[in-house]
Amino acid sequence: MTNLPSQTDKKLGLLIDLDICVGCHGCVTSCKEWNSTDDMLPLSDFDSYGDSPDGIFLNRVHGYEINDGMTAQTVHFPRSCLHCEQPECVSVCPTGASYKRQEDGIVLVNPETCIGCKLCSWACPYGAREYDHNQGIMKKCTLCVDRIYNEELAEEDRKPACVLACPTSARLFGDFSDPHSEVSILSQERGGVALMESLDYKPVNRYLPPRKKQLSDKCENTSEQYSYGSKNRSSDAILDNFFSWLDKKLS
Amino acid sequence: MNPAYSVILFTVLSGVGYGLLAVLGLSCLFSLNAVSALMNISVLLISLILITAGLVSSTSHLGRPERAWRALSQWRTSWLSREGVLAVLTYVPALLLVLIWGIEFVPEISVLWAELFKDEIQNYISVIGGVAGLFAIATVFCTGQIYASLRTIPAWHYSLTTPIYCVLSITSGLLLWILLCALFGYDINQIITLITICMLEASLILKWVYWRYVDSTEFGVTKADAIGFETQTQVLNLEPANQTKNYLMREMGYHVARKHALKLRRYAAFAGFIMPALFLLLVFVNPGYALVFSFGAIISLLFGLMVERWLFFAEAKHIVTLYY
């Protein structure tokens, strides 16, 4: 049913710490592995060993350079379904294959009823859904619904595969509707951000912004300590200019 | 957005078909269809063939066409589902009309039929035709709403998107109606010709306003907003998430045509709206050659509409491209 639940009992989601994510893509591969094995339909790959390999990923890590005018820094940005409270991907679905669970707020696609019209992927501003040409259906993050309630797993393993795989613990899993949960507290303390809030999809997942880099006096002193020493600087500069002139002439 | 040829073909062909059905419905409603049963049933069948061809073409872009029937279930929330439901519903009055007009070709039954219903038959045709026309336009309205309701694509999320779909559909239907009138040797109603010319020029103006809107529209969010930083922060791509193109980049990041957009808009405007209007003026002044001129008009219009529809997709930018 594509009618959205007016309220969900829980708001399960991920808290992603951009301050410590190192962009190792460990979450990407462990997600792909878990969601392609056992009872799951594989996340198809195409032309795996060819010139332009392509495949379905439910989680992708982008690398950006952020410049706020003062400092520039690298940010690794993992992107997956945010399990929005107002997911238009669900309400546009003509078959009811896309749905949001009332018990925990997870947004899922029923692979048995999806017709592969791709409209849900058009309706998502976050690029959370990818179309599987092999199976003719849409794929998306399930928040590892087959792990988190799986009683055959040890309790500490009942977390999404991406969370377990993260070597720096940049990904945390929990219930955002519970103000005392680890994710809620951390998000509160560190100013967790919802992406593109103005679009009003009300994402559940939060991102912790990287801590601001300080341009302190200490930094400037350090840079001076490591410079060649001020005396030789002008002669170095002349030499540098000479070599760069020579380089230009020769090349 | 990637212009899927099946969807372009569907929206243009079924748009013409639904437009023709709407014109037929209107003529039934106001009892203007004082033409032969042969022409009535031909117009009806041609519109149904166009509609069906469009619908079949649109299911070919589904990953699982055999499950297409499931799309009729979510009409409470989904415009795509509503479009499907109305498309199916439209067949009901349309096929009833096929039955009513078809009976006239079977002499034995038609006598019995005439005795049973006597003078009421025209009333039934008015009502059923009116309903068919209404459903036809409502289907096109839903098609427009599928696009207009997507907030992720500002070029489509616009008050004129749906009206343009409806106007283009009715205009192309009127033009095809004129061609069929000429084909069956009927005099072409000069008022209908004039109305069609006006509709063509109204389409041109609407599209011009739409294109101006597309040129001025922005996402309203920045690359920094997309990754949770302050709006004004400068964000540069450093390491792509994947080396080759993925589904999102192919489906949403289509930008092959953008540099040719201006030229293609001129083609669409000229072939779609200006040429057909000139052809119709020729029909107006020289009804003797109505068939030739209206045929030229419809061919030109179809070409123009294909280009227009292709641009509608190719020029639309999706918010997800901010990540790439």
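The numbers here are math on the coordinates, done by the rules we state, and not lab data. For clarity, every value in this text was computed on a predicted model and none was experimentally measured. All Cβ positions, glycine included, derive from the backbone under ideal geometry; neighbour counts span all protein chains shown.
Structure values in brief
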item: Cα shape, segment B:120-267, gyration tensor, a/c 1.5 rule; result: prolate
item: C-alpha long axis of helix A:233-250 to longest principal axis of chain A, angle in °; result: 70
item: Average beta-carbon neighbours from other chains, 10 Å sphere, peptide B:248-255; result: 3
item: For B:ALA155, residues with placed amide H under 5 Å, excluding near neighbours; result: B:LYS317
item: Averaged over B:68-77, number of beta-carbon atoms from partner chains that fall within 10 Å; result: 6
item: For A:LEU14, distant residues with modelled amide H under 5 Å away; result: A:ASN205, A:ARG206
item: Check: segment B:124-261 dipole with +1 on Lys, Arg Cβ and -1 on Asp, Glu Cβ, in debye; result: 200
item: Mean ellipticity per residue at 222 nm, deg cm²/dmol - from DSSP H runs of n ≥ 4 across chain A, formula -39500 (n - 2.57); result: -6500 deg cm²/dmol
item: Under the Karplus curve 6.51 cos²θ - 1.76 cosθ + 1.60, θ = phi - 60°, whole-Hz ³J(HN,Hα) for segment A:93-105, x wherever Gly or Pro sits; result: 5, x, 10, x, 5, 8, 8, 10, 6, 6, 5, 9, x
item: Those lysines that a straight Cα-Cα span of less than 16 Å connects to B:LYS207, excepting residues fewer than 8 apart in one chain; result: B:LYS263
item: Using θ = phi - 60° and Karplus 6.51 cos²θ - 1.76 cosθ + 1.60, couplings along segment B:281-297 (whole Hz; Gly, Pro as x); result: 4, 5, 4, 4, 7, 9, x, x, 9, 3, 4, 4, 5, 6, 5, x, 4
item: Net +/- balance of residues flanking B:GLU308 in space, Cβ distance below 13 Å, scoring K and R +1, D and E -1; result: +3
item: Pairwise Cα inverse-distance average, inverted: Kirkwood Rh of segment B:98-179 (Å); result: 15.6
item: Given charges at Cβ of Lys, Arg, Asp, Glu: chain B dipole, positive-most of B:SER73, B:SER110, B:TYR210; result: B:TYR210
item: Debye, to nearest 20: dipole size of segment B:1-159, +1 on Lys, Arg Cβ, -1 on Asp, Glu Cβ; result: 860
item: Segment B:TYR186-B:VAL285, length gained on full extension (0.36 nm per residue, minus Cα span); result: 34.0 nm
item: Segment B:52-99: trypsin sites (Lys or Arg not before Pro) in DSSP loop, at most 12 other beta carbons within 10 Å; result: B:ARG76
item: Label-point gap, in nm, between B:SER216 and B:VAL56 - each point 7 angstrom along Cα→Cβ; result: 4.4
item: J(HN,Hα) series, segment B:234-241, from Karplus relation 6.51 cos²θ - 1.76 cosθ + 1.60, nearest Hz, glycine and proline x; result: 7, 10, 10, 6, 10, 10, x, 6
item: Dipole-positive endmost among B:GLY288, B:LEU89, B:TRP310 within chain B (Cβ charges, Cα centre); result: B:TRP310
item: Relative contact order, percent, chain B [alpha-carbon distance under 8 Å, six or more residues apart]; result: 25
item: Shape call, segment A:12-208: gyration tensor on alpha carbons, a/c limit 1.5; result: rounded
item: Cross-link pairs beyond the 19 Å C-alpha cut-off, checked among A:LYS11/A:LYS159; A:LYS118/A:LYS139; A:LYS118/B:LYS317; A:LYS11/A:LYS118; result: A:LYS11/A:LYS118
item: Long-range HN-HN contacts of B:GLU239 with modeled amide H, under 5 Å; result: A:GLY63, A:TYR64
item: Between segment A:62-117 and segment A:7-35, the Cα center-to-center distance that results, in Å; result: 12
item: The protein assembly as shown, dipole about Cα centre (Lys/Arg Cβ +1, Asp/Glu Cβ -1), debye to the nearest 20; result: 1360
item: Over segment B:190-324: Rg over Rh, Cα atoms, Kirkwood Rh; result: 1.18
item: Sequence-distant lysines (8 or more away, or on other chains) whose Cα lies within less than 22 Å of A:LYS212; result: B:LYS223
item: Positive-end residue, chain B charge dipole about Cα centroid, Cβ charges, pick of B:TRP177, B:ALA4, B:VAL221; result: B:VAL221
item: Helix B:190-216 axis, angle to chain B major axis (alpha carbon atoms, nearest 10°); result: 10
item: Contact order normalised by residue count of segment B:189-324, Cα under 8 Å, 6+ apart, percent; result: 34
item: Average beta-carbon neighbours from other chains, 10 Å sphere, peptide A:56-63; result: 4
